[in-house]
Amino acid sequence: MANKPSIPKGTRDFSPMEMSKRNYIFNTIKEVYALYGFRQIETPAMETLQTLMGKYGEEGDKLLFKILNSGNFLSKVSEEELHENNAPRVASKLCEKGLRYDLTVPFARYVVMHRDELQMPFKRYQIQPVWRADRPQKGRYREFYQCDADIVGSNSLLNEVELMQIIDTVFSRFGVRVVIKINNRKILSGIAEIIGEPDKIIDITVAIDKLDKIGLDAVNKELAEVGISAEAIDKLQPIISLTGFNEDKLQTIADVLTTSEIGMEGINETRFILDTLKKCGLKNEIELDLMLARGLNYYTGAIFEVKALDVQIGSITGGGRYDNLTGIFGMPGLSGVGISFGADRIFDVLNQLDLYPKEAVDSTKLLFINFGEKETEYCLPIAAKTRNAGISTEIYPDTVKMKKQMAYANAKQIPFVAIIGENEMADGKVMLKDMQTGEQRLITAEALIEIIS
């Protein structure tokens, strides 16, 4: 007996119902992006490793899926190198390409390649899958979609404000209560400076970014393991445990960072964003979280993360400002800021809370029962009219028992069935059955369209 086929861990198949739900998510996000003037682009699934490597930090580089060179991929590797057990070195010769880890770095590459064609500031959105060689677990997949929006070519903090409004609008449309967390990498740099470890900012942010996942003791242990002094770790503790209203936290950390120029710059930027958002009437809570780090190296200013309040799941949206990203590709001085909606986690949240509107997941609205060739000929022009009226319509393809056709309608949750036999054809009408109430009525094709519409 042949082995049952399977798919790689961390990937999923999606049924027609699941795709209806996913398309509801994508379409909602697209509509909101368009409201704010963003335009869509796409980039290839694979990029050169030269484009991808070194952009996500050491941990991110380990999670890149690399693609073997075509043909004789071993031709550039000696036997000595194969037996050295130096995986990164061998991989650099075996692989020239990799699957994209996110959409931000490919976007930066796109901007540099197409700079002469773009009107600045350039506002784009992109909805495509990305891949990470991570350990699969609840809410974390190896293949998943991101729904990004970015603005490049503008230093204005109004862009950050606009992105927070987009987040608020999207989750309000979904009916999901969220908290939008905000911080600034400059504040984190200031903290590293004040505690006497300015060169350890990346190690510090990588560690404290895990606070929610592994707890304070484990974070402190990791800080010690990467060489942060016990004195510096002690100085971090009151900052890590800081609570209160946004204004109180901001003032407290401002008092701590008065001697740090970069720290005060981050505080002033954060204060502007929070003060401006107060005037925008957000429906969801926005929280200053001084331990929010967003572990990617390319963030340089404001950083954001969104958590659902009614479901236990990780971050469902994130992003921030990345002033230096395009400089890596030979285009220095171009500032950018962006967000990314985690469509797969949002899918799980909406499933758990049962928040999909009925019209978003319904497919076929009307099924014509097939009694034979003559009846089908009578149905075809009516079905054409219902489709022209925007009603999703099927004609059952085979002449089989009516019980089987009705079972098909029930299985697909089709709300209306058209039953047309000799009597209906003689009258020039249609017997329409409401599958929810069981009510049947003899009506014209025009009345059928009016009822279902």
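Remark on LYS181: its backbone amide H falls under 5 Å from those of GLU287, GLU305, VAL306, LYS307, a criterion applied only to residues 5 or more positions apart or on other chains, H modelled at 1.01 Å from N. Over the range 366-452, accessible surface divided per residue gives 56 Å², non-protein components excluded, 1.4 Å probe. Largest first, the residues LYS62, LYS200 sort by 1.4 Å accessible area into LYS62, LYS200. Over the chain, the ratio between the Cα radius of gyration and 2.2 N^0.38 Å evaluates to 1.24. Working from label points 7 Å from Cα in the Cα-to-Cβ sense, the ASN423 to GLU285 distance is 6.2 nm. Highest-first packing order for the peptide set 225-234, 177-186, 249-258 is 177-186, 249-258, 225-234, based on the mean count of other beta carbon atoms within 10 Å. Based on DSSP H segments of at least four residues, each scored -39500 (n - 2.57), the chain has a per-residue ellipticity at 222 nm of -12500 deg cm²/dmol. Treating each Cα of the range 366-452 as one equal point scatterer and applying the Debye formula with no solvent, the log10 of I(q)/I(0) at q = 0.22, 0.26 Å⁻¹ comes out as -1.11, -1.59. Separation of the range 302-343 and the range 213-233, taken as the distance between their Cα centroids, equals 25 angstrom. For GLN146, the residues whose modelled amide H falls within less than 5 Å of its own, excluding neighbours fewer than 5 places apart on the same chain, are GLN128, VAL130. Applying 1/(1 + (r/R0)^6) with R0 = 30 Å to the Cβ-Cβ distance of LEU211 and ASN155 gives a FRET efficiency near 0.50. Averaging sequence separations of C-alpha pairs under 8 Å and six or more residues apart, then dividing by the length of the chain, give the relative contact order as a whole percent. Computed value for the chain: 16 percent relative contact order. Per residue, the average separation of C-alpha pairs within less than 8 Å and at least 6 apart gives the range 204-354 a relative contact order of 17 percent. Where in the range 240-277 is the amide nitrogen less than 18 Å from a point lying 7 Å along the Cα-to-Cβ axis of GLU59? Backbone N within reach: 240.
For the range 366-452, the share of DSSP beta bridges that are antiparallel, to the nearest 5, is 55%. Note that the range 32-44 has calculated 3J(HN,Hα) couplings of 6, 4, 4, 4, 9, x, 8, 10, 8, 10, 9, 10, x Hz, one per residue in order, obtained from phi through the Karplus relation 6.51 cos²θ - 1.76 cosθ + 1.60 (θ = phi - 60°); glycine and proline are x.
Checking the Cα-Cα distances for LYS186/LYS283; LYS66/LYS235; LYS30/LYS403; LYS279/LYS365; LYS21/LYS429 against a 32 Å cut-off, the pairs over it are LYS66/LYS235; LYS30/LYS403; LYS279/LYS365; LYS21/LYS429.
If you add up the charges near GLU373, with Lys and Arg at +1 and Asp and Glu at -1, over every other residue whose beta carbon is less than 14 angstrom from its beta carbon, what do you get? The answer is -3. In a fully extended conformation the segment linking ASP362 and THR11 would gain 123.8 nm over its present Cα-Cα distance, using 0.36 nm per residue. Using a cut-off of 15 Å between beta-carbons, work out the net charge of the residues near SER392 (Lys and Arg +1, Asp and Glu -1, SER392 not included). Combined, the nearby Lys, Arg, Asp and Glu give +2. Listed values for the range 140-157 are Karplus-derived 3J(HN,Hα) couplings in whole Hz (6.51 cos²θ - 1.76 cosθ + 1.60, θ = phi - 60°), namely 10, 10, 7, 10, 7, 8, 10, 10, 9, 10, 9, 10, 10, x, 8, 8, 5, 6, and x replaces Gly and Pro. When all protein chains stay in place and ligands, DNA and RNA are ignored, the 1.4 Å accessible-area order of CYS280, CYS95, largest first, is CYS280, CYS95. Take the Cα of ARG140, go 7 Å toward its beta carbon, and the backbone nitrogen atoms of the range 312-328 under 19 Å from that spot belong to 312-319.
A simple charge model with +1 on the Cβ of Lys and Arg, -1 on the Cβ of Asp and Glu and nothing else charged puts the dipole of the range 366-452 at about 280 debye relative to its Cα centre. Once the Cβ-Cβ distance of ASP398 and GLU446 is raised to the sixth power relative to R0 = 30 Å, the FRET efficiency obtained is 0.60. Remark: the ALA45-MET331 segment gains 100.7 nm on full extension, using 0.36 nm per residue and subtracting the alpha carbon distance. The distance between label points at ASN351 and ASP116 comes to 4.8 nm (points 7 Å beyond Cα on the Cα→Cβ vector). Between LEU380 and ILE202, the modelled label-to-label distance comes to 6.7 nm, taking each label 7 Å out from Cα in the direction of the beta carbon.
Solvent-accessible area assigned to carbon and sulfur over the range 366-452 amounts to 49 percent, based on a 1.4 Å probe.
The values are calculated or read from the model by the stated rules, or taken from the named source; none is laboratory data. Computed from a predicted structure; not experimentally measured. Cβ coordinates were reconstructed from backbone atoms using ideal geometry, including for glycine residues, and neighbour counts include every protein chain displayed. The area values use the complete protein model at the heavy-atom level, side chains included, leaving out ligands, DNA and RNA. Shrake-Rupley method; radii C 1.70, N 1.55, O 1.52, S 1.80 Å.
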